[in-house]
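Report on the structure given below.
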Amino acid sequence: GESVGLHLPTLSVQEGDNSIINCAYSNSASDYFIWYKQESGKGPQFIIDIRSNMDKRQGQRVTVLLNKTVKHLSLQIAATQPGDSAVYFCAENVTGANNLFFGTGTRLTVIP
Amino acid sequence: DAGVIQSPRHEVTEMGQEVTLRCKPISGHDYLFWYRQTMMRGLELLIYFNNNVPIDDSGMPEDRFSAKMPNASFSTLKIQPSEPRDSAVYFCASSSPSGEQYFGPGTRLTVT
């Protein structure tokens, strides 16, 4: 259900460490998932996506893992840098529906 | 490509006034989305268009909100009359049928 006010989960990591951001999705029919990064004062920016026929997908310094059994998605960022500090959203979609449903986001803070 | 363009970037208006937000999607994208982001409710989909036709407007809060897409390169979101609770950041995004959504920089609306 809706919360009275959103309390973003937060994650603080040391520069150079790996970060893992988790997301639980709700619709078992969702078959397309995206991670977005939103820096202060900017719009969400696409990071990486994955379709439900995959368990893992890698990009540059980022890896997305999908566990359909427990409806869980994670974003791993290797060698986290100060520029990675932002709010990270997962979004889910059902093919053909075209609209995305966004999670509440996780705020990542990288400590220099 | 310049990406999704939104104007104005900031809007301050008094309660009761009409507000019009503008969006130019990425050329070639045939889906356009309007979102609202607040601390209380996070990122919410208001309405989306496919080939200039509104497909789902179930997220539009009430009759004070209206959106149009007169052609493939322009859309407006209008609030009339505006209220303080409409204060938020409004994002426009566009996508191709099987692609991720690209977000604009947003319009920060403040209604006093």
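The values are calculated or read from the model by the stated rules, or taken from the named source; none is laboratory data. These numbers were taken from a predicted model, which means no experiment stands behind them. Please note: Cβ atoms are built from the backbone with ideal geometry, for glycine as well, and neighbour counts cover all protein chains shown.
The table for this structure:
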quantity: Residues (within 13 Å of the chain's Cα centre (by Cα), at the interface with chain A (Cβ under 7 Å from one of its Cβ atoms) and without any contact (Cβ under 8 Å) to a residue 40 or more places away in the chain) located in the range B:31-51; calculated: B:45, B:48
quantity: In the range A:56-103, the residues that are polar (S, T, N, Q) and within 12 Å of chain B (Cβ to nearest Cβ); calculated: A:93, A:95, A:98, A:99
quantity: Close pairs from the range B:67-95: first modelled with pLDDT of 95 or more, partner buried (at least 18 other Cβ atoms within 10 Å of the Cβ) and in a helix (DSSP H, G or I), Cβ under 8 Å, at least 6 apart; calculated: B:79/B:86
quantity: Residue in the range B:57-69 that is farther than 19 Å from residue B:112 by Cβ and within 10 Å of chain A (Cβ to nearest Cβ) present; calculated: yes
quantity: Residue A:33, sole failed condition from (1) of a type in the set (A, V, I, L, M, F, W, C); (2) over 25 Å from residue B:107 (Cα atoms); (3) not in a strand (DSSP E or B); calculated: (3)
quantity: In the range A:36-55, the residues that are away from chain B (no Cβ under 14 Å) and either under 13 Å from the mean Cα position of the chain (by Cα) or hydrophobic (A, V, I, L, M, F, W, C) (or both); calculated: A:54
quantity: Output for the range B:17-38, where each listed residue is β-branched (Val, Ile, Thr) and either outside any loop (DSSP other than H, G, I, E, B) or under 20 Å from residue A:101 (Cα atoms) (or both); calculated: B:19, B:20, B:38
quantity: Residue in the range A:86-112 that is nearest to residue B:38 (Cα to Cα), counting only those that are assigned to a loop (DSSP other than H, G, I, E, B) and either out of contact with any Asp or Glu (no Cβ under 9 Å at 6 or more places or on another chain) or without any contact (Cβ under 8 Å) to a residue 40 or more places away in the chain (or both); calculated: A:104
